[in-house]
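What follows is calculated from the coordinates using simple rules that are stated; it is not laboratory data. Values in this document were obtained by computation on a predicted structure and should not be read as measured data. Cβ atoms come from the backbone with ideal geometry, glycine included; neighbour counts cover every protein chain shown.
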2 protein chains.
Amino acid sequence: MAKRTILVLGGAISGPAAAARAREMDDGAHIVLLERSQRVSYAACALAYHASGEVPSLDALDREREQFFWDVYRVKVRTGVAAVTIDATARAVLTPTGRVPYDALVYALGAESVVPAIPGLRGARNVFRFRTLPDLEGLLARLERGGRHVAVLGGGFIGVEAADGLARRGAKVTLLEQGDRILPAFSPAASRMAAEALRAQDVVVLEGMPVTRVARRGSDVRTLEIQGHRRIGVDAVVVATGLRPRTRILARAGARLHADGSVEIDGRCATSLPAVFACGVCVSVPHAVTGRPVWLAQAALADKTAQVAGACAAGGDARMGPTLGTAIVRAGEVTVARTGLTGADAAALAGMNAAMARVHAPSREPFFPGAADTQIEICFHRGSGRVLGAEVVSRSGADKRIDTLAAAILGGLTVDQLAAVDLAYAPPFSPVRDPINVAGTVAASARAGLTEAWSAAELVARRRRVTVIDVRHGGRESGTIAGAVEVPLDALRSRLEAMDGRPLVFVCDTGRLSYLATRIARQRGREAGYLSGGLATWAAEGRPLARAAADSGGTRKRARARS
Amino acid sequence: MAKRTILVLGGAISGPAAAARAREMDDGAHIVLLERSQRVSYAACALAYHASGEVPSLDALDREREQFFWDVYRVKVRTGVAAVTIDATARAVLTPTGRVPYDALVYALGAESVVPAIPGLRGARNVFRFRTLPDLEGLLARLERGGRHVAVLGGGFIGVEAADGLARRGAKVTLLEQGDRILPAFSPAASRMAAEALRAQDVVVLEGMPVTRVARRGSDVRTLEIQGHRRIGVDAVVVATGLRPRTRILARAGARLHADGSVEIDGRCATSLPAVFACGVCVSVPHAVTGRPVWLAQAALADKTAQVAGACAAGGDARMGPTLGTAIVRAGEVTVARTGLTGADAAALAGMNAAMARVHAPSREPFFPGAADTQIEICFHRGSGRVLGAEVVSRSGADKRIDTLAAAILGGLTVDQLAAVDLAYAPPFSPVRDPINVAGTVAASARAGLTEAWSAAELVARRRRVTVIDVRHGGRESGTIAGAVEVPLDALRSRLEAMDGRPLVFVCDTGRLSYLATRIARQRGREAGYLSGGLATWAAEGRPLARAAADSGGTRKRARARS
């Protein structure tokens, strides 16, 4: 057989990964990579960490250069060359400088930022996307010339990373999200904790604040107007309002796309066009839980599709595994992370018989330095007990818990198995009972009917028909749910008899004591549940705290009751 | 039904956990806990971290006090009371102060340190076990009175933790292991990296050094003699040479024990005696991979058995999951961790058709601060591809990788799934391609026959029958395997034809370039493999490095070839 020509369109992460994998599979192939910018392999996802100063040199994000690809992988890289048209019938790509024939094509042109249609925004010289190394170079050069007020438009992953990074550098950052909260892919509690953490490092976070127009001085944007009633002066603007798959060329060639513009691929990353594969952040992949294709602009996922597309383009056999949509973002001192389906995916969960449990547990033994509250929301299937997804928020170890949960979901673990999974314990790393074990235990207990775990929203909806009991000592001082009665746990047993017959909902700081209270009440024949995640989650969601109602006769003796 | 009396023997971690879980299941029960020391609930496993000064107060390790158990759990704690005899027929425990009847008994007396029979050691006033709070109090009081040279006997988990902790405090520590290496539960490479890391913080690590006798002055040990030819002066001695299950009382009552003295239990943590359950570090539990019972003195596992024993003693239904023997230990700046079966479990793996793959990969993107080399050894089943176990060594993130691998093993993931598992990526947390993905890819590739991964031991055994080729630039300068020929990867393709017909084994720093070299050679019909884990693992195992043989005509052009 004659030498196969494999043509790869696109650099950054997925194109180079596909080319390298193709080489591993077919050392005889002629492999060419076209990239329209001047850099073949760069870490677009790391811009925020050069902005922050943590990665001192922008060159460090420029991963591998053309010579490396030739020396090691014998991949001919041509930078500064953009594909214009794909002729799938003739198996050739047209570029401004000529026609490049192929036997197999790997399409990896990624995604592009969308600049919103706000009058005056487009074309301004101090407005920057946050997607390529030149974007960041332009922004930083502008800040060096004076002025340190940066407005970041968009509170998704990229906007939060950009705001966080620029604030660490010392810029005066305003983060504007037009929706009602930043990071809408997470729970309201997680969004709020992330916003608070950003505010703690002096980022002004404005949610529910759409920018309606901008005022310019010359070619620069100088003022943002928010729905007519507020104005913000800026020296530079970062646009992080969204991405869209860069798939026009493929669409024109006749490939099937999804409604969101992402490329439809099969398990081998093959498109609907013959001998054309696609990978990276322009494709959708099947979700492990729903089985439906999802478009996730995520670098690690892009790398995985690239390996499959590269292998298959070279005649190898590889299959794309399902994705979990695992994602993580640092916001100040807080890390929020998710995997699988969570409460934030209400639409996908509809009809799935899913339930949730929330816990707060320390990331290490409380006596060990660096121990931090870790909030886990577990989503599980009521019938099988299988874990469907999870969200983790913590100042310490959120990355470790989310990765463990991702492996657990892929392996089909149930919440009972999660309660028992044998994780590595030593005080510098985790507590004896890991937050994951705690989450599994709490979920398993609810599933077995031993307790009933109420979300804050459920409690609010049924507030008038239940009696809320705060089982902490001193709940009145630290604030509790309006109308809650304070009955410390050590007095509960003797006072249950005298309580009215309405369903009881117990609350405490984290859910630990109120969980036990629920067990006590239910064993005495009472209908009882507890606030899942405790007042920690309640407060994190921004719900109001009040003084508790009078403690009508309970003991005042203070126990060392840690809830 | 009359009130059930549940009697729990033993404090520390598992007894209190069992009592609390029993209370959750049966709020009406009469629950009594007997503990022979003065503290009911303490973190024995955290002694090293008070020794180090990281946990400033020893009181912090004293987790919950008697009053807490009464107020919250209505558990009657009696400290200073030791069980003497169990009368399983009459369902009662005899103590020096009387007879305590029970309906269900939870036996949780743990394990005790064994002081070796070295003449002069026992009874000396400056010789301390490292198991209880009083042990540590005694040791620290002794060090405060002057003298800072501590000898730690035993290089297992507890000995390494003790040596590490005491060195952090500023003590002059000598760690003595009579076997040929510390941490024998790990690979030779891991043992060596741990020893080096301890030496870097001025611990004198002496392996293969059995203490044969000690010389005393008065009631203190002053000198240790090592096999007649070396003497070490000491101010205090910590004995960490081993533990044994504290099961004599249970044995005398007629319960079935394993040969190692640990208690035989079923899935409900029931012993062979009626209504007697056992939990904590005195029991053996089934291993998830082999199915055979194993005795592991591990606090997190103890806690898990305690929850099952407590629930079942209270009439609940709970089942003990299989264990993976997950363990982690910090040695200086290095963390070593394991889960499932690894190369160190040769006996358990015999006949299992297991294979290994080793990788070195960065814990974060190399450009991000704190990125550290992460060595993973994956053990997998050749037939099914299932992961059987793993070992991780790194200065960063070993805890996260081992937990993820533990969940993966419990979920039955294959190495192909490990290659594709969707872990959370952002630069502060991990690289785009996580070390776990890399390990999965390398193992899957070997399993699919695309490459052949040789361990250092295999290479040594077949050294005379193969040609070893170092594919790095500059291998000769940095040291390589004796007799290796230097043929940089960029020259390999043109020089393969001229090489002799012996099997080729490629080497580089980590395995990355030599893996590709193997693919190149095999596609040209050569029998070829590569050194798994590269020279990093080779050197970590303490194997010798030599200058490479002359580069007979290869190109000298330097590529930016990072291996």
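The figures follow:
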| read-out | value |
| --- | --- |
| Residue order, fewest to most beta carbons within 10 Å, for B:Ser478, A:Ser14 | B:Ser478, A:Ser14 |
| Computed [θ] at 222 nm, helices only, for chain B once each DSSP H run of length n ≥ 4 contributes -39500 (n - 2.57) | -8000 deg cm²/dmol |
| Radius of gyration, Dmax [the range B:308-351; alpha carbons; angstrom] | 16.5, 46 |
| Quotient of C-alpha Rg and 2.2 N^0.38 Å, computed over chain A | 1.10 |
| Which of B:Leu513, B:Leu34 has the fewest Cβ neighbours within 10 Å, and the rest in rising order | B:Leu34, B:Leu513 |
| Relative exposure of B:His149, B:His360, A:His229, judged by other C-beta atoms within 10 Å (fewest first) | A:His229, B:His149, B:His360 |
| Residue-averaged beta-carbon neighbours from other chains (10 angstrom radius) around A:296-303 | 4 |
| Projected area, mean over directions - the range A:116-177, Cα convex hull, nm² | 4.3 nm² |
| Nearest residue to the symmetry axis between B and A, taken on chain B by its Cβ, in whole Å | B:Gly411, 1 |
| Inter-copy spacing of A:Ala482 label points, which lie 7 Å from Cα along Cα→Cβ, given in nm from shortest upward | 8.3 |
| Degrees separating the helix A:14-25 axis from the principal Cα axis of chain A, which is the longest one | 70 degrees |
| Sequence-distant lysines (8 or more away, or on other chains) whose Cα lies within less than 16 Å of B:Lys400 | A:Lys400 |
| Principal axis dimensions, the protein assembly as shown - Cα atoms, whole angstrom, descending | 98, 80, 52 |
| Tilt relative to chain A, helix A:512-523 - C-alpha long axis, 0 to 90 degrees, to 10 | 60 degrees |
| Full-extension gain in nm, B:Thr223 to B:Thr5, via 0.36 nm per residue minus C-alpha separation | 73.3 nm |
| log10 of Debye I(q)/I(0), alpha-carbon scatterers only, for the range A:457-507 at 0.13, 0.26, 0.30 Å⁻¹ | -0.29, -1.05, -1.23 |
| Nonlocal amide H pairs with B:Arg216, under 5 Å, H built at 1.01 Å | B:Arg222 |
| FRET efficiency, A:Leu94 to A:Ala372 (Cβ-Cβ, R0 56 Å, nearest 0.05) | 0.50 |
| Of B:Gly479, B:Tyr49, B:Ala327, farthest towards positive along the dipole that unit charges on Lys, Arg, Asp, Glu beta carbons give chain B | B:Gly479 |
| Considering only the protein assembly as shown, percent of DSSP beta bridges that pair antiparallel, nearest 5 | 55 percent |
| Dipole axis of the range A:150-208 (+1 Lys, Arg; -1 Asp, Glu on Cβ), positive-most option in A:Leu206, A:Pro184, A:Gly165 | A:Gly165 |
| Stokes-Einstein D for the range B:66-166, Kirkwood Rh over Cα pairs, 20 °C, 1.002 mPa s (µm²/s) | 124 µm²/s |
| DSSP-defined antiparallel bridges as percent of all bridges, the range B:190-334, nearest 5 | 90 percent |
| Kirkwood Rh, angstrom, the range B:276-378 [1 / mean 1/r, Cα pairs] | 16.3 Å |
| Hull shadow area, averaged, the range B:353-406 [alpha-carbon convex hull, nm²] | 3.7 nm² |
| Other protein chain Cβ atoms within 10 Å, averaged over every residue that makes up A:311-318 | 1 |
| log₁₀ of I(q)/I(0) at q = 0.28 Å⁻¹ - the range A:249-297, Debye sum with one point per alpha carbon | -1.11 |
| Modelled label reach - A:Arg148, point 7 Å along Cα→Cβ, the range A:30-54 residues with backbone N closer than 17 Å | A:51-54 |
| Dipole moment magnitude, nearest 20 debye, chain A about Cα centre, only Lys, Arg, Asp, Glu C-beta charged | 1020 debye |
| Shortest-first nm distances, A:Ala498 label point to equivalent points in other copies (7 Å, Cα→Cβ) | 9.9 |
| Average partner coverage of A:62-74, which counts Cβ from other chains inside 10 Å | 4 |
| Around A:Leu143: net Lys/Arg minus Asp/Glu count, Cβ-Cβ under 10 Å | +2 |
| Computed over the range B:302-454, Kirkwood Rh from alpha-carbon pairs, angstrom | 16.4 Å |
| Chain B - share of DSSP beta bridges that are antiparallel (%, nearest 5) | 55 percent |
| The range A:140-251, Rg to Rh (Cα coordinates; Rh as Kirkwood inverse mean 1/r) | 1.00 |
| Given charges at beta-carbon only (K, R positive; D, E negative), |dipole| of the protein assembly as shown in Debye | 300 debye |
| Nearest-ten-degree value, helix A:435-447 long axis tilted from longest Cα axis of chain A | 60 degrees |
| Area projected by the alpha carbon convex hull of the range B:194-299, averaged over all directions, nm² | 10.8 nm² |
| Pseudo-label separations to other copies for A:Gly383 - Cα-to-Cβ vector, 7 Å, nm | 3.3 |
